[in-house]
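What follows is a set of notes on a single structure, which appears directly below.
The values are calculated or read from the model by the stated rules, or taken from the named source; none is laboratory data. Keep in mind that what you see is a predicted model, and the values were worked out from it rather than measured. FYI the Cβ positions are ideal-geometry reconstructions off the backbone, even for glycines, and counts take in every protein chain you see.
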Amino acid sequence: MPRIRRELYNKEICACSIFGAMNRDGERFTGKGVMLAIANMHVRGNGLGGGFAAYGIYPEYKDYYAFHLMFTGNSPEAKRSAKVGFDAFLCENFDVVSDEEIPHSDEAVVSDPPLIWRYFVLPRKQGEEALLSDEDYIVKMVMRVNTEIENAHVFSSGKNMGCFKGVGYPEDIGEYFMLDKLYSAYTWTVHGRFPTNTQAWWGGAHPFSLLDTTVVHNGEISSYGTNRWYLEMYGYACTLQTDTEVIAYAADLLMRRQKIPIEIVAKILAPPIWNSIDRMDEKEKKLLTTLRMVYGSLLMNGPFAIIIGQTGKMIGLTDRIRLRPITAATRGEMFYLSSEEASIRLISPKLDSVRTPNGGEPVVCELNNIRTVLE
Amino acid sequence: MIEIDAGPLKTRELNDQLRDMMLAGIQKVVIRNVCGQRYIGTRLYSPDHRKMEIEIFGTPGNDLAAFLYGHRITVHGNAQDGVGNTMDQGEVVVEGRAGDVLGFSMRGGRIFVRDNCGYRTALHMKEYEDKLPVLVIGGTSQDFLGEYMAGGIVILLDLYGKGHKGNFMGTGMHGGAIYLRGVVEKEQVGSQVEISPLDKLDREILDRYVSEFVERFPDLCLSKEEILKDEFVKLAPKSKRPYSKIYAY
Amino acid sequence: MKSFVFPEFEITRDEEKCGQCRGCERQCSFGTHTYDPLTDRLISDDYKCAGCQRCVIFCPKDAIVVRPTQSFYRPNASWSREKMDDLKKQAETGGVILTGCGNDKPFRIYWDHIVLNASQVTNPSIDPLREPMELRTFLGAKPDLMDISTTNGDVEIKTEISPNLMVETPILFSAMSYGAISYNAFRSLATAARQSGTFFNTGEGGLPKEMRQEFGKCAIVQVASGRFGIDAEYLNCASAVEIKVGQGAKPGIGGHLPGEKVSLEVAATRMIPVGTDAISPAPHHDIYSIEDLSMLITALKEATNYEKPISVKIAAVHNFAAIGSGIVRAGADIIAIDGLRGGTGAAPKVIRDNVGIPIELAISALDRRLKNEGIRNRCSIIAAGGIRCSADVIKAIALGADAVYIGSAALIAMGCTLCQKCYTGKCNWGICTQDPRLSGRLNVDIASQRLTNLIHAWSHEISEMLGGMGINALESLRGNRDHLRGVGLYEWEMDVLGIKGAGE
């Protein structure tokens, strides 16, 4: 049997620190504070990956999908040629209103950065594609780019938000993209990575995203093979060799396409154990039994703590027996999630409340007035 | 008394300083601006059993007092995960909350936490002869309290009226005792655990350690008598040999 | 319930030779032999026999033969007798089948498909009896490069070298805890390690206080999920600390020392009450992720003032090379990796026989992975699980290990016959028992001498093989797969091992 036919996917194992900060009034702030906070958890990472998701950073282009692209290759020419290939694809399928190389600082300590570019686009659907919603169209195109165009990788594709990530400590990645100077967001999520291998692959850093959903993750998903197989049936191509990817796609499938509220989604990703379900009243028991029967393949098994970002929303969730830590805290209109409390205290010494939510219990923070960012 | 400003210090630098101070014979240290530095107290083993008193202002990092060998640590604030990991002797007082795996595999000494604590508190705590670990929590704990517990005493006072909501208490428990002020449902505890009312000896144990707790937190203005007059339950293992019957011959 | 299981062994006694001395009756802790005064004969109960051969060897008249029973079920390639008997035992008890020692199933033993090189003509072979032959090995992290400054001819090393263990021969005794094995067996290992310039490993049962001063310098102390017997003094008296994450015989599961084995002395060493089950949870509950391992490694370095190398022992499982890389990055100085055939005092048979991968493949994959990532210098690799002779040792080193742990081999040197009944605590050879009547049979002076002899003999054989290859320092063989060739292996297997086929 040729080897290619065996299931030889690679899964990276990594663990990490995660941090999130949101202003519920929608007031925007720079990335300076979250860079300090994640740097305080330096020892949880190993310098092989860091990344940020920022919401509300492109108000002037808020009606356009913001694509962040990585063009990789062994030489500047290879990177440029990847871009040429992608640009041709883009012009065929999208109207591009603006594009530029994402500014970066050459002083930051990062290794082998790819060419990183952003595009603000609108879908140009043709033929049968007109039947697709804009969002389904974007998902389809992102999957196509990531599987078909060599050395081009879409790592951010939502409106009025963006991911910034790469190989290095997160504070260095922040410095590279000058997040403390150039961008203001009402929500920031951050990730410091401790992978167990070193392929310096910028796309492997967190956050993972699709449309405006981003995920930063701490832990290892032991159900990855099952989750991946299930999501691939729904057209999600897992190309990033990282288990976190499946969470982003699961969130997209459940929350955007199936419109399931987060409280229920949490019960799919991190369901209560059968012993607890058996003790529930009939109605709840039926709901949870059915959820497990239908979505058993999306149960994220093994340790995880995640922060999911979406437009106007930040959600923290841990696995059902909380094998990974998360601390939630508030101060005025500020809402924080972190692997460690000390990082929150560093940027906000005084807090109104601090708690560690139960395993499988989502902590959801929404803008007081979602319109502040949508209109 | 000596003060350290931990603000600019990394974990190892802070612990270097503490060790040097111990070796220099200093007995009392105050550390200010602690923010996430780990393993405070861990590097303080000395063959001649020196003892220090350490006061911490700020938020100490994980594994505070891990392998602690007889020192006394007070935290004016919250503590994170892993307080008292495999602690042997000494005392930790947390004027706030504590994170997950508090008192993991602890075999001696005392930990007093003013507020609540996270998952897997007192996991595999053990005792041996005169070494009897004691953990008193002012509030309550999240799931898996006393998992695999093999010895020692854990007391949850629920002073803030939240009730004990944790599940899977004492799963695999085969030694020691957990005392809870208030009530607990049978479904919340592991199958190896017996829920029983307190006897006279239990009352004496409670009396002693609740007194100590009250003394540690004068600001709370607690009355031991008020606390003790309420209902308590005791969780204790049904057997010291929970897994003796799972094998074929 | 009447048991439907056959006896495993049958015992025949030559009545002509038997002198009715009742030695066999005294030797057998399982109660197999009894004396019948009415007939003045010894009677044997086949059902009780563990097949450990103690009575055979100690019968002064050589009157006893113990062999596998000749009774059989109808031969069936799918339903072997073992499968049927295990199933019957479970039908009769509803329990998990326990066993001891390492995996005895016919998985391919790669050692036996690898041949070594020797010098002919182009490069002289070396005679170790006359020429220097160096087996000394340092275990621990090494810096990538050295920073040296020279002032007025005075050379100063500016690079700080992490603490390392120095062994005179690349063979260490694997972790076997006091509790799992007897005090005499434990002390024999310690004594032999000291005599041989190597190390023994305490396992997770602590180190008796009276041994700390005497044997701390040749001890690697273990920190396992049960955290038994651990205090700052235990950590600081040793030469290295090993975090036991997994074991080849039972990857992914914990263990427990049954209360019967927790005698007064075992209890004192583990610091738990007498007679309680000593439960080792499956994971370390302070390690749920790689950054947690990093935290425990650092905590142990803190607890030992950065004076000792920290080892992390894992079982060889599917993703172990990536995990190994993470372990190095988490700050471990040594990775001990234990393969599919590693031994144990007790493990569920279904785990022992079905989980993990062979050590030969694991060594090579880990060594290559760490080299590809440029971090091989940052740790040493100790290979364990199925090392049976000096040739296995030298092949392990050529595949990329720095040294090996031997467990079963050391026990066999002391008398063990791999009867797999360790979990009963009734070891007739005095090794895996806490019964003073049985453990007294193992004389520390003799057992430690047998172990010392073994290390001496293997070291000599290693020198011979090295010399044959034209190598006089062991480090020149480490990861030197050019000196290995495969015979009778599939292409993918040679790919994983990183070796050529014989004649290539």
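Let's see how each residue does on (1) in contact with a helix residue (DSSP H, G or I) (Cβ under 8 Å, 6 or more places away or on another chain); (2) part of a helix (DSSP H, G or I); (3) surrounded by fewer than 16 Cβ atoms within 10 Å (Cβ to Cβ):
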{"residue": "C:Gln90", "(1), (2), (3)": "no, yes, yes"}
{"residue": "C:Gly102", "(1), (2), (3)": "yes, no, no"}
{"residue": "C:Pro106", "(1), (2), (3)": "no, no, yes"}
{"residue": "C:Thr122", "(1), (2), (3)": "no, no, yes"}
{"residue": "C:Glu131", "(1), (2), (3)": "yes, no, yes"}
{"residue": "C:Ala185", "(1), (2), (3)": "yes, yes, no"}
{"residue": "C:Ala190", "(1), (2), (3)": "yes, yes, no"}
{"residue": "C:Ala193", "(1), (2), (3)": "yes, yes, no"}
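In region B:229-249, of all residues being among the basic types (Lys, Arg) and more than 17 Å from C:Gly259 (Cα to Cα), the one that is nearest to the other protein chains (Cβ to nearest Cβ) corresponds to B:Lys234. C:Ser325 meets each of the listed conditions (1) more than 14 Å from chain A (Cβ to nearest Cβ); (2) surrounded by 22 or more Cβ atoms within 10 Å (Cβ to Cβ) apart from (1). Of the residues making up region B:112-133, those that are within 11 Å of chain C (Cβ to nearest Cβ) and part of a strand (DSSP E or B) are B:Tyr128, B:Lys131.
Summed over region B:144-191, residues that are over 18 Å from B:Arg110 (Cβ atoms), of a type in the set (Ser, Thr, Tyr) and more than 14 Å from chain C (Cβ to nearest Cβ) total 2.
The set of residues from region C:1-52 being among the polar types (S, T, N, Q), closer than 30 Å to C:Met84 by Cα and surrounded by fewer than 20 Cβ atoms within 10 Å (Cβ to Cβ) comprises C:Ser3, C:Thr12, C:Thr34.
Just so you know, in region C:369-403 the residues that are assigned to a helix (DSSP H, G or I) and surrounded by fewer than 19 Cβ atoms within 10 Å (Cβ to Cβ) include one that is modelled with the highest pLDDT, and it is C:Ala391. Of all residues in region A:177-200, those that are in contact with a Ser or Thr (Cβ under 8 Å, 6 or more places away or on another chain) and over 14 Å from A:Ala54 (Cβ atoms) total 6. Selection within region C:189-216: residues that are closer than 18 Å to C:Gly345 by Cβ and within 15 Å of the chain's Cα centre (by Cα). The member of this set that is modelled with the lowest pLDDT is C:Glu204. Does C:Asp402 count as under 23 Å from C:Leu139 (Cβ atoms) and in the same structural domain as C:Gly326 (by TED's automatic domain parsing)? In short, yes. Of the residues screened, C:Gly501 is one that is surrounded by fewer than 16 Cβ atoms within 10 Å (Cβ to Cβ), among the small types (Gly, Ala, Ser), more than 22 Å from C:Arg136 (Cβ to Cβ) and free of Cβ contacts under 8 Å to residues at least 60 places away in the same chain.
Here B:Asn33 fulfils each of the conditions (1) surrounded by fewer than 20 Cβ atoms within 10 Å (Cβ to Cβ); (2) on the phi > 0 side of the Ramachandran plot; (3) away from chain A (no Cβ under 14 Å); (4) not aliphatic (A, V, I, L, M) apart from (3).
Determine if region C:312-322 includes at least one residue that is surrounded by fewer than 23 Cβ atoms within 10 Å (Cβ to Cβ) and within 11 Å of chain B (Cβ to nearest Cβ). The answer is no; no qualifying residue exists. Annotation: C:Ile220 fulfils all but one of (1) within 14 Å of another protein chain (Cβ to nearest Cβ); (2) surrounded by 24 or more Cβ atoms within 10 Å (Cβ to Cβ); the unmet one is (1). The listed residues are A:Phe164, A:Phe155, A:Phe86, and the only one of them that is over 18 Å from the mean Cα position of the chain (by Cα) and not small (Gly, Ala, Ser) turns out to be A:Phe86. Given the criteria of a type in the set (Gly, Ala, Ser) and closer than 24 Å to C:Val274 by Cβ, does B:Ser223 qualify? For B:Ser223, the condition - of a type in the set (Gly, Ala, Ser) and closer than 24 Å to C:Val274 by Cβ - is not met. Across region C:223-273, what is the total count of residues that are at the interface with another protein chain (Cβ under 10 Å from one of its Cβ atoms) and in a loop (DSSP other than H, G, I, E, B)? Total satisfying the criteria: 13. Checking region C:314-326 against the condition returns a match, with at least one residue being assigned by TED's automatic domain parsing to the domain that holds C:Val393, among the polar types (S, T, N, Q), closer than 23 Å to C:Phe138 by Cα and in contact (Cβ under 8 Å) with a residue 12 or more places away in the chain. Against the test of being in contact (Cβ under 8 Å) with a residue 12 or more places away in the chain, under 29 Å from C:Leu257 (Cβ atoms) and away from chain B (no Cβ under 14 Å), the options C:Cys18, C:Cys55 yield a single qualifying residue, C:Cys55. For C:Cys24, are the conditions met, namely being touching a residue at least 12 places away in the same chain (Cβ under 8 Å), in contact with a helix residue (DSSP H, G or I) (Cβ under 8 Å, 6 or more places away or on another chain) and outside the structural domain of C:Leu438 (by TED's automatic domain parsing)? Yes, satisfied.
Among the strands (runs of 3 or more DSSP E) confined to region A:1-112, the ones with at least 3 residues that are modelled with pLDDT under 95 are located at A:14-23. Selection of region B:14-30 for residues being of a type outside the set (A, V, I, L, M) and more than 12 Å from chain C (Cβ to nearest Cβ) yields B:Gln17, B:Gly25, B:Gln27, B:Lys28. For region A:136-172, the set of residues classified as surrounded by fewer than 22 Cβ atoms within 10 Å (Cβ to Cβ) and in a loop (DSSP other than H, G, I, E, B) consists of A:Ile149, A:Glu150, A:Asn151, listed by residue number. Does any residue of region C:142-153 turn out to be within 14 Å of chain B (Cβ to nearest Cβ) and either within 28 Å of the chain's Cα centre (by Cα) or not in a helix (DSSP H, G or I) (or both)? No, region C:142-153 has no match at all. Within region C:108-120, if we keep just the residues that are in a helix (DSSP H, G or I) and touching a helix residue (DSSP H, G or I) at 6+ places or on another chain (Cβ under 7 Å), the residue that is nearest to the other protein chains (Cβ to nearest Cβ) turns out to be C:Tyr110.
Taking the listed residues B:Gly109, B:Gly138, the one that is within 13 Å of another protein chain (Cβ to nearest Cβ), farther than 24 Å from B:Ser239 by Cα and at pLDDT 95 or above is B:Gly109, with no other qualifying. Residues that are more than 14 Å from chain B (Cβ to nearest Cβ), surrounded by 19 or more Cβ atoms within 10 Å (Cβ to Cβ) and of a type in the set (Lys, Arg): does region A:329-351 have at least one? No.
Yes/no per residue for (1) small (Gly, Ala, Ser); (2) crowded, with 24+ Cβ neighbours inside 10 Å; (3) free of Cβ contacts under 8 Å to residues at least 12 places away in the same chain; (4) under 21 Å from C:Tyr183 (Cβ atoms):
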| position | (1), (2), (3), (4) |
| --- | --- |
| C:Ile230 | no, yes, no, yes |
| C:Leu257 | no, yes, no, yes |
| C:Glu260 | no, no, no, yes |
| C:Leu264 | no, no, yes, yes |
| C:Ile272 | no, yes, no, yes |
| C:Gly275 | yes, no, no, yes |
| C:Tyr288 | no, yes, yes, no |
| C:Leu296 | no, yes, no, no |
